[in-house]
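Below is one structure, written out as structure tokens, with a few remarks after it.
The values are calculated or read from the model by the stated rules, or taken from the named source; none is laboratory data. Here the structure is a predicted model, which is why all the values come from computation and not from measurement. Backbone-built Cβ (ideal geometry, glycine too); neighbour counts: all protein chains shown.
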Ligand SMILES: Cc1cc2nc3c(=O)[nH]c(=O)nc-3n(C[C@H](O)[C@H](O)[C@H](O)COP(=O)(O)OP(=O)(O)OC[C@H]3O[C@@H](n4cnc5c(N)ncnc54)[C@H](O)[C@@H]3O)c2cc1C
């Protein structure tokens, strides 16, 4: 649908995280003046989740954690609107915010995901790594725990054995366990109280860490974590947190700090009409177009790539960025009447930080662990 007197097509991007920002930039670079790009986000910054674990142990420049979208879009013809999109009506090709209603020719939904919550009672506290506020509280827990260990040692020569429970042994759980261990050890060393360390343990319901990766890689990661002083409890499902204890199948274990890393669901908490059932995400075809409405496309963590057959997760920044770039190219193809290209949902290399400098990369059953892998992961986190 053209806008009267304006032959340009309006492409609206909802969500300017890794996927949406890459898409908006490529659209503006390649397709201006054919398209008018309008990009919405609830906040003014791109939040770089991939560096969050490291912010516990080192000072990462703020612009690497939150990059202003105005800088990312600087010099590009993108109309950035810092407003929450409250509803989409795919049948009439409109969306609305609190203050305005807007028509689109193409809509790309890139609203990311939200943490799956762990059940808990009112007396218990659970932290989530995606929230800056919760990460600040995690830092407080770490320094309080080190202070308590030092005081205890001064009193009776022992140390306080607080437990930091990381629930979930995926990429996020592993990286946070490593970072918490390092941050605690550094805080204890500063207080000369390192002889009895607080416990850091991962609780994973599956039979191994990173269950979607090859088994030998999982075993390798487990050995590295255990050598670093991180407990790994496999086949252990945490049902809920009650009175600050983890309720497992047959026992309850007290945990001073609980960090929940059990996965995410698509973030589609707005009124969506005309796109069918969206619980598992916006269902898309191979070209990342909604299976119900061809003017709507979806990328990143909010898309449901039900067509694919691989058993690996696609909830990675690297996948969201690739999808954003492909969809920008495909919108160009739609406008020129050529055939769109499918998204080849390949498994991409998986990188895990295992310390401030050491990292590990796995691809196609092979893995490498060392400083080079650490430097590569750090580089990729910063230059996306
Ligand atoms: C702690 C942590 C560590 C991670 N580490 C890695 C890693 O090392 N490597 C890796 O590849 N991936 C990693 N990931 C996963 C990666 O961050 C996500 O897969 C990626 O961010 C998904 O990109 P996206 O564009 O789909 O969503 P996001 O980057 O989450 O962006 C979604 C955007 O949509 C906006 N939005 C939501 N709702 C609305 C609305 N109604 N209106 C307007 N805007 C809206 C949000 O504000 C947000 O800016 C990590 C994730 C976490 C939480």
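Restricting 80, 69, 138, 56 to residues that are under 30 Å from residue 379 (Cβ atoms), in the same structural domain as residue 201 (by TED's automatic domain parsing) and within 14 Å of the ligand (Cβ to nearest atom) narrows the list to 138.
Just one of the listed residues (247, 258) is closer than 30 Å to residue 304 by Cα, crowded, with 16+ Cβ neighbours inside 10 Å and either at pLDDT below 95 or not assigned by TED's automatic domain parsing to the domain that holds residue 300 (or both), and it is 258. Taking the criterion of being more than 20 Å from residue 39 (Cα to Cα) and buried (at least 16 other Cβ atoms within 10 Å of the Cβ), the residues of the stretch 320-345 that qualify are 340, 343, 345.
Considering 373, 306, the condition of being touching a residue at least 12 places away in the same chain (Cβ under 8 Å), assigned to a helix (DSSP H, G or I) and either within 13 Å of the ligand (Cβ to nearest atom) or surrounded by fewer than 15 Cβ atoms within 10 Å (Cβ to Cβ) (or both) is satisfied by 373 alone. Taken as a whole, the stretch 24-32 holds no residue that is in the same structural domain as residue 289 (by TED's automatic domain parsing), closer than 27 Å to residue 136 by Cα and either over 19 Å from the mean Cα position of the chain (by Cα) or surrounded by fewer than 20 Cβ atoms within 10 Å (Cβ to Cβ) (or both). Scanning the stretch 84-96 for residues that are part of a loop (DSSP other than H, G, I, E, B) and surrounded by fewer than 16 Cβ atoms within 10 Å (Cβ to Cβ) yields 84, 86, 91, 92. Of the residues making up the stretch 42-76, those that are assigned to a loop (DSSP other than H, G, I, E, B) and either over 19 Å from residue 27 (Cα atoms) or touching a strand residue (DSSP E or B) at 6+ places or on another chain (Cβ under 7 Å) (or both) are 42, 43, 44, 48, 57, 58, 59, 60, 61, 73. Among the residues examined, residue 42 qualifies as within 13 Å of the ligand (Cβ to nearest atom), assigned by TED's automatic domain parsing to the domain that holds residue 278 and loosely packed, with under 14 Cβ neighbours inside 10 Å.
Out of 109, 118, 127, report the one residue that is closer than 19 Å to residue 182 by Cβ and in contact with a strand residue (DSSP E or B) (Cβ under 6 Å, 6 or more places away or on another chain).
127
For the stretch 39-53, the criterion of being in contact with a helix residue (DSSP H, G or I) (Cβ under 6 Å, 6 or more places away or on another chain), without any contact (Cβ under 8 Å) to a residue 40 or more places away in the chain and closer than 17 Å to residue 299 by Cβ is met by at least one residue.
Against the conditions (1) closer than 24 Å to residue 137 by Cα; (2) in contact (Cβ under 8 Å) with a residue 24 or more places away in the chain, residue 65 satisfies every one except (2). Scanning the stretch 103-122 for residues that are in a loop (DSSP other than H, G, I, E, B), surrounded by 13 or more Cβ atoms within 10 Å (Cβ to Cβ) and within 16 Å of the ligand (Cβ to nearest atom) returns 104, 110, 111, 112, 116, 118. When the stretch 1-36 is examined, which residues are found to be at pLDDT below 95 and under 15 Å from residue 80 (Cβ atoms)? Within the stretch 1-36, 32 is the sole residue that qualifies. Selection over the stretch 309-330 of residues that are part of a helix (DSSP H, G or I) and within 13 Å of the ligand (Cβ to nearest atom) gives a count of 10.
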